[in-house]
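**Q** Encoded as structure tokens, here's the structure I'll be asking about.
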Amino acid sequence: MSKPKVSILIPTYNRENLIRETIESALKQTYNDYEIVIVDNKSTDNTYEIIRGYSDNNEKIVGYQNEKNLGPVGNWKIALQKSSGKYVKFLWSDDLIDDKFLEKTVPVLDNKKEVGFVYTKTEIFTKHTQKEAYRLGKTGKYPSKIFVEGALTGKYSVPVSPGCGLFRKKDVVIIDKIPNNFNIDHSRTGAGPDLLMFLEITNKYPYFYFIDDVLSFFRSHNESFSIANDLSREYNTAIAFFIDKNEYKQYQKKFNSLILLKEIRRDPKNIFKLKDIFDCYYTINKNTQWDYFFILNKIKEKFINRLLNRLW
């Protein structure tokens, strides 16, 4: 039996109420050369029984259960190890994908060897609302530096979650140990390692590809870890690590400015201990300079947006 071209990876934990809908969205793909690899992280509910019900009756689905809970990032690694496709698509077990996700993304990686990954516009939804996210511009190829600038300075709208992307398996690096002095364990939340999946690939390829169609659907709900917790320090320490490691000094002042604004918003008293805070973010090059014009522009943008919201 030949290997499938694409592996849809569904790492999951205690999702008995949502996992069926996620699996069904994967099974509806119009592109047919794929497998679905589902790894249960030792759930305490009926999630694994539901997975078994699918895998026992559909040869496209392979289900596994870890002997113990490995944390989210450990579970991602197992799913990646178990996959056999040339391309991998992470699908979180509370999210959905459009029927044509693979049909529209696979040809990009097939035909554009200079492209490191492809991602799509995304809808973030609840029971009652829908909101589009990660709209970069027209469908097409973009220089990798656009993604880096978006992630590091907020200049462009780019995703942190690989749940809207398609990757070559050989390029995916899952980093779970990110140096920082906040004592943050990134493997516990996955916040930071997810963004680094994208960023690490930007170092290998000159371009990425964006599809201006909503083909990914992220569910916003109270059980979502990212909704229930402030993960800004997790993401910012991951970005600081990326800047440190690659010596991206051209982005450091603007990124520091974002840290400054977020830390003061977190607690106004932080303005008196910024050096100590920056020492927690950086472990190699402890550059604490910031860009005053960038800060003023961010404050101005915030003020104008609030004013417009009141007027409307």
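The values are calculated or read from the model by the stated rules, or taken from the named source; none is laboratory data. Please read all numbers here as calculations on a predicted model, not as lab measurements. Methodologically, a virtual Cβ is constructed for each residue, glycine included, from the backbone with ideal geometry; neighbour enumeration extends over all protein chains shown.
**Q** Give the residue that is nearest to S25 (Cα to Cα), with candidates limited to residues of the stretch 58-83 that are of a type in the set (S, T, N, Q) and touching a helix residue (DSSP H, G or I) at 6+ places or on another chain (Cβ under 9 Å). Before you say what the answer is, go through the steps one by one.
**A** Going residue by residue through the stretch 58-83, those that are of a type in the set (S, T, N, Q) are 58, 65-66, 69, 75, 81, 83.
From what's left, touching a helix residue (DSSP H, G or I) at 6+ places or on another chain (Cβ under 9 Å): 58, 65-66, 69, 83.
On the way: N58: 14, Q65: 21, N66: 24, N69: 26, S83: 19 Å.
Among residues in the stretch 58-83 that are of a type in the set (S, T, N, Q) and touching a helix residue (DSSP H, G or I) at 6+ places or on another chain (Cβ under 9 Å), the one nearest to S25 (Cα to Cα) is N58.
**Q** Looking only at residues that are surrounded by fewer than 18 Cβ atoms within 10 Å (Cβ to Cβ) and among the polar types (S, T, N, Q) in the stretch 67-109, which one is nearest to D213 (Cα to Cα)?
**A** Ranking the qualifying residues of the stretch 67-109, first place goes to S84.
**Q** With (1) buried (at least 19 other Cβ atoms within 10 Å of the Cβ); (2) more than 14 Å from the chain's Cα centre (by Cα); (3) at pLDDT 95 or above as the list, and I201 as the residue in question, which single condition is left unmet?
**A** In the conditions (1) buried (at least 19 other Cβ atoms within 10 Å of the Cβ); (2) more than 14 Å from the chain's Cα centre (by Cα); (3) at pLDDT 95 or above, I201 misses (2) alone.
**Q** While we're here: Of all the residues that make up the stretch 19-32, how many are assigned to a helix (DSSP H, G or I) and free of Cβ contacts under 8 Å to residues at least 60 places away in the same chain? Don't jump to the end; show me each part of the working.
**A** Taking the stretch 19-32 as the starting set, the residues that turn out to be assigned to a helix (DSSP H, G or I) are 19-27.
Add one more test, that the residue is free of Cβ contacts under 8 Å to residues at least 60 places away in the same chain, and what stays is 20, 23-24, 27.
Qualifying residue count, the stretch 19-32: 4.
**Q** What about I78, is it free of Cβ contacts under 8 Å to residues at least 40 places away in the same chain, assigned by TED's automatic domain parsing to the domain that holds H186 and among the aliphatic types (A, V, I, L, M)? Can you show your working first?
**A** Working: free of Cβ contacts under 8 Å to residues at least 40 places away in the same chain: no; assigned by TED's automatic domain parsing to the domain that holds H186: yes; among the aliphatic types (A, V, I, L, M): yes.
Spelling it out, it is not the case that I78 is free of Cβ contacts under 8 Å to residues at least 40 places away in the same chain, assigned by TED's automatic domain parsing to the domain that holds H186 and among the aliphatic types (A, V, I, L, M).
**Q** Mind checking which residues of the stretch 231-257 are in contact (Cβ under 8 Å) with a residue 60 or more places away in the chain and either under 20 Å from the mean Cα position of the chain (by Cα) or outside any helix (DSSP H, G or I) (or both)?
**A** Residues satisfying the conditions are Y235, A238, I239, A240, F241, F242, I243, Y248, F255.
**Q** Specify which of the listed residues (E16, E35) is of a type in the set (D, E), modelled with pLDDT of 95 or more, part of a loop (DSSP other than H, G, I, E, B) and in the same structural domain as F198 (by TED's automatic domain parsing). Give the derivation first.
**A** Numbers: E35 fails: part of a loop (DSSP other than H, G, I, E, B).
Going through E16, E35 in turn, just one is of a type in the set (D, E), modelled with pLDDT of 95 or more, part of a loop (DSSP other than H, G, I, E, B) and in the same structural domain as F198 (by TED's automatic domain parsing): E16.
**Q** Could you run through the stretch 110-134 and say how many residues are surrounded by fewer than 14 Cβ atoms within 10 Å (Cβ to Cβ) and more than 22 Å from V6 (Cα to Cα)? Write out each step before concluding.
**A** Filtering the stretch 110-134 down to residues surrounded by fewer than 14 Cβ atoms within 10 Å (Cβ to Cβ) leaves 110-111, 113-114, 126-132.
Then keep just the ones that are more than 22 Å from V6 (Cα to Cα); that gives 126-132.
Of the residues in that region, 7 qualify.
**Q** For N183, all conditions in the list (1) under 20 Å from Y282 (Cα atoms); (2) in contact with a Phe, Trp or Tyr (Cβ under 9 Å, 6 or more places away or on another chain); (3) loosely packed, with under 14 Cβ neighbours inside 10 Å hold save one; what is the number of the exception?
**A** Only one criterion in (1) under 20 Å from Y282 (Cα atoms); (2) in contact with a Phe, Trp or Tyr (Cβ under 9 Å, 6 or more places away or on another chain); (3) loosely packed, with under 14 Cβ neighbours inside 10 Å is unmet by N183, namely (2).
**Q** Just checking, does the stretch 204-215 include any residue being under 30 Å from T126 (Cα atoms), surrounded by 22 or more Cβ atoms within 10 Å (Cβ to Cβ) and without any contact (Cβ under 8 Å) to a residue 60 or more places away in the chain?
**A** The answer is no; no qualifying residue exists.
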